[in-house]
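Report on one structure; see the data block that follows.
Read the figures in this text as sums done on the coordinates, not as results from a lab. Just so it is clear, the structure is predicted and the values come from calculations on it, not from any experiment. Neighbour counts are summed over all protein chains in view; Cβ atoms, including those assigned to glycine, are modelled from backbone coordinates with ideal geometry.
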Amino acid sequence: MIATVSAGRPVSITGLGCKVPDRIVTNEELAKFVDTSDEWIVERTGIRERRMADDAEALSDVALPACVDALAQAGLEGADIDLLIVATVTPDMAFPSTAAILADKLGATSAAAYDLSAGCTGFVYALAQSYGMVAGGVAKRALVVGGDLLSRILDWDDRSTLVLFGDGAGAVVLEAVPDHGFVGFELGADGAGGQSLWLPGSGSRLFDESEKYVKMNGREVFKFATRILVQSAEDLLAKCEVSIDDVDLYIPHQANMRIIDHATRKLGVPSDRVVINVDRYGNTSSGSIPLALADAAADGRLRPGQLVLMTGMGAGLTWGSALIRWTKEMAA
Ligand code: UT7
């Protein structure tokens, strides 16, 4: 799916919030559980540490403060929201949805609320979906959450996955604006590659204790990631008739520093326009892009008028890019 939306009703992000759990887990700490080292992890992934939720915390607990901050920045309350989407593969439970749980906690009693599953691309999918609802007049104000507690589904005996992931969530408010806002989206999925990154024992095919952890063919996902991050971004920029030189801020999915470096080099984005948080948070799945947006806002790099390109990729296999002309001052 690819579309430029500049001819439609302008819709933009008017509020942004994020939250990571307090507990920092270093590479050295993980080396006590599996045969790995800080040196290997930093060299192969760029990850230095990640956050992990306490046993008592579920995704909705981590996402709630992010939602509260996003709503406050937009000058809204929960009751003003009529659409709430949570992009995640680690909801509090299969049902009720984490979106419904959050809607209740936020007092969003008028909101349609549901979870969306598109792996690490979930946040970009949810942006496109909520854009369509708001631009089409079906919803007035949407709250979109991207977040995961991947630590819950990691095998602490598997060094090839344990070191990569972390926990965190971000939230954004989408509303109609006078001008600017979203410019286009490109989304896709290739189910044939699904078993490169999967949770086999988690649903109606198989619900099994012994298969409840993430399984991944790292090399296959690496090849896919390096190809698709570039392809998706290039396709969207071409469709929107925008040059990469016009992109002020590039926010790729934060999976691995080598993947980000490859995409940045191939696309020709200067390194000072790339937002990086994988060193501090690891791969936070659906949380990675909104957390990076919040980082860029906090350090003053996300300013009104800037063209921001976000590209995600992940389980499915899925991918997606969104291009937005930023409208609102959001410095912390
Ligand atoms: O959102 C999408 C989520 N997933 C991804 O983005 C993952 C994409 N893939 C990757 O990032 C990389 O493939 C990894 C970081 C997972 C692995 O890096 P690599 O350079 O592709 O390593 P490799 O799989 O080719 O493995 C090289 C060696 C292997 O040992 P042998 O067979 O050469 O003896 C692995 O067993 O590294 C070993 N290895 C480790 N060694 C120390 C794998 N994981 C670790 C580890 N510590 N944590």
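Couple of notes before you dig in:
- For the chain, built as a Gaussian network whose Cα springs stay under 10 Å, the top-fluctuating residue of MET52, MET310, MET133: MET133
- Once the chain from ARG23 to THR109 is taken as fully extended at 0.36 nm per residue, the excess over their C-alpha distance is 27.7 nm.
- Placing unit charges on the Cβ atoms of the charged side chains and taking the dipole of region 182-325 about its Cα centre, the candidate lying farthest along the positive direction among GLN254, ILE228, SER196 is SER196.
- For the residue pairs LYS32/LYS223; LYS215/LYS266; LYS32/LYS215; LYS19/LYS328; LYS105/LYS140, the C-alpha atoms sit more than 26 angstrom apart in LYS32/LYS223; LYS215/LYS266.
- Normalising the average separation of contacting C-alpha pairs (under 8 angstrom, six or more residues apart) by the number of residues puts the relative contact order of the chain at 25 percent.
- Computed from the alpha carbon positions, the gyration tensor of region 2-179 leads to an equivalent ellipsoid with semi-axes of 33, 17, 13 Å, biggest first.
- When only alpha carbons of region 138-238 are considered, Rg and Dmax amount to 17.7, 53 Å.
- Summed over all non-identical Cα pairs, the Kirkwood treatment of region 182-325 gives a radius of 15.9 Å.
- The residue list GLY146, GLY166, ILE101 was ranked by how far each Cα lies along the charge dipole of the chain toward its positive end, using unit charges on Cβ atoms, and GLY146 comes out on top.
- Prolate/oblate/rounded call for region 1-78, Cα gyration tensor, a/c under 1.5 rounded: oblate
- In this calculation the C-beta distance from TRP40 to ARG265 is compared with R0 = 22 Å, giving a FRET efficiency of 0.45.
- Extension reserve of the ALA3-ASP279 stretch, reckoned as 0.36 nm per residue once the Cα distance is removed: 96.1 nm
- Highest average first, the peptides 268-275, 125-132 ordered by how many other beta carbon atoms sit within 10 Å of their residues are 125-132, 268-275.
- Built amide H within the under 5 Å cut-off of LEU116, gap 5+: VAL86, ALA87, THR88
- The listed peptides 259-267, 187-195, 139-147, ordered by packing as a protection proxy, come out as 139-147, 259-267, 187-195 (highest mean of other Cβ atoms within 10 Å first).
- Relative contact order (%) - criterion: Cα under 8 Å, at least six apart; region: region 2-179: 34
- Calculated SAXS-style log₁₀ I(q)/I(0) at q = 0.12, 0.14 Å⁻¹ - the chain, Debye, Cα scatterers: -0.76, -1.06
- Förster radius 30 Å - calculated FRET efficiency between ARG301 and ASP54, Cβ distance, rounded to 0.05: 0.45
- Screening the chain for whole DSSP H helices of 30 Å or more along their axis (Cα) with average Kyte-Doolittle hydropathy at least -0.5 returns 218-239.
- Computed from point charges on the beta carbon alone (+1 for Lys and Arg, -1 for Asp and Glu), the dipole magnitude for the chain about its Cα centre is near 700 Debye.
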